[in-house]
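Derivation of every value follows stated rules applied to the coordinates shown; laboratory data play no part. What you are looking at is a predicted structure, and each value in this text was computed from that prediction instead of being measured. Note: ideal-geometry Cβ built from the backbone for every residue, glycine included; neighbour counts use all protein chains shown.
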Amino acid sequence: MKFDIEKMRIEMRKNDAKRDAGLVGSTTIEKFRDISYGPHGIDNTLDVYYPKETDHKLPTLIHIHGGGFFYGDKELYRFYTMFLATQGFTVINFNYRLAPDHAYPAPLEDINQVLQWATENHKDYFIDLDNLFLVGDSAGGQLTQQYATIVSNPDYQKLFDFKVPDIDFKAVGLNCGVYYIGNNIGTADDFPYYLDSKMAKATKAQLPVEQYMTTNFPPAYVMTASHDILKETGQQLGQDLIALGNETYFKIYANADGSELNHVFHIDQKSAIAKECNLDQLGFFRKHLS
């Protein structure tokens, strides 16, 4: 299926603006905005949030935004990530390079650069390198899954040409993610604007990610929604992680009245069930603090 990426971006941004209309940023957190973490201009900028009057390092969430690999930025997730920071976390919310201008594996290179920045600047922003958590939704869920696999599987890590910082993740949050990509590179079902059919053989060997996930993969909170367009892949990943023997909490969220609960519902800061989901996930993370 072909579609007009620019038209899709306009429509998606319009819907996101409607969702967030009237929201204002939290007044209880410190905000450090538009920090450069890499060489690619605005695409390599990040924000850091943590509660005001913080005087010691806090468990730290690295958030990867969604958007089908072609859409989204840190601004669209600012209210969601600010809320996470109000709950006693340092939160890093960042931009990464998007397709089609930047194909695979550009986002992974940028994520790696964010983690490198965090290791070098942790003392300045109350980042706790011993209590790192990685979380993302939709395409960001896939990137969370893949980067966590890179960090947790040394053999898989060798397939990439960037140096991974000496870190690990206490747990990951996989929210309404798009998984199992790379089986049909170049087809309409496999993000052809992101996964180029002319990709090198060595790069194609990196996908699908699921073949490289091991029992060393971090504890995972995997969630989806009753009417999520990606519900089936979320269910499958949850089942596969459990079968692998990994600590996995899987949940399908649903409205009590049976009304539709859709893809990435948890971003909506006006929604009670979104808040419930986000607090559930943070509770799971807290159980894995050092």
*Quick one: work out the % antiparallel among DSSP beta bridges in the stretch 29-286, nearest 5.*
30
*Peptide ranges 280-287, 17-24 listed from the most packed, as the mean C-beta count within 10 angstrom indicates*: 280-287, 17-24
*In the stretch 140-174, which trypsin sites (Lys or Arg not before Pro) are in a loop and have at most 16 other Cβ atoms within 10 Å, using DSSP for the loop call?*
K158, K163
_So I have (1) 14.6; (2) 19.3; (3) 16.7, and one of them is mean projected area of the Cα convex hull in nm² calculated from this model. Which one is it?_
(1)
*asked:* Given the DSSP H assignment, sum -39500 (n - 2.57) over each helix run of at least 4 residues in the chain and divide by its residue total; what's the result at 222 nm in deg cm²/dmol, nearest 500?
replied: -9500 deg cm²/dmol
*Assign one of three labels to the stretch 1-160, namely rounded, prolate or oblate, based on the Cα gyration tensor with a ≥ b ≥ c the square roots of its eigenvalues; rounded applies when a/c is under 1.5, prolate when it is not and a/b is larger than b/c, and oblate otherwise.*
oblate
*Please work out the C-alpha center-to-center distance from the stretch 24-77 to the stretch 126-141 and express it in whole Å.*
11
*Pick from D55, D196, D268: which is most flexible by mean-square fluctuation in a GNM of the chain where alpha carbon atoms under 10 Å apart are linked?*
D55
*Return the single residue from H227, H266, H65 with maximal mean-square fluctuation; model: Gaussian network over the chain, springs between Cα atoms under 10 Å.*
H227
